[in-house]
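What follows is a short report on a single structure.
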Amino acid sequence: MDKEIQQEMVYGIRPVLEAVDAGKEVEKVLIQKGLRSTTFTELMQILKEHSVPYQFVPVEKLNRITRKNHQGIVAYISPVAFYRV
């Protein structure tokens, strides 16, 4: 059986917070360098509590990943693994 994995992305501070709180398997979070706000501070606390890896990147990288309104945050969510029989 071959394991096929399809990755999902979540954009924005609140959606990422909700994904982590809901117990989604977050592989990595990309955060725009220089991003600061109360919600950002809350996000950082939750990422650390759940041991979610994160990386600070230039806004240009986030813009290349998506044209959606990312609010400086993009999370890669680990999907359910599908198996080929």
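The values are calculated or read from the model by the stated rules, or taken from the named source; none is laboratory data. This structure is a prediction, so every number in the text was calculated from the model and none was measured. Positions of Cβ are backbone-derived with ideal geometry, glycine not excepted, and every protein chain shown enters the neighbour counts.
Below is a table of values for the structure above.
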item: Single unsatisfied condition, Phe56 versus (1) more than 10 Å from the chain's Cα centre (by Cα); (2) assigned to a loop (DSSP other than H, G, I, E, B); result: (2)
item: Any chance Ile13 is over 15 Å from Tyr76 (Cβ atoms) and out of contact with any Phe, Trp or Tyr (no Cβ under 7 Å at 6 or more places or on another chain); result: no
item: Residue selected from the stretch 1-59 under the condition acidic (Asp, Glu) and loosely packed, with under 12 Cβ neighbours inside 10 Å, by the criterion modelled with the highest pLDDT; result: Glu49
item: Selection within the stretch 15-42 - over 11 Å from the mean Cα position of the chain (by Cα) and touching a residue at least 24 places away in the same chain (Cβ under 8 Å); result: Asp21, Gln32, Lys33, Leu35, Ser37, Thr39, Phe40, Glu42
item: Unique match (being in a strand (DSSP E or B), among the aromatic types (Phe, Trp, Tyr) and modelled with pLDDT of 90 or more) among Tyr83, Tyr76; result: Tyr76
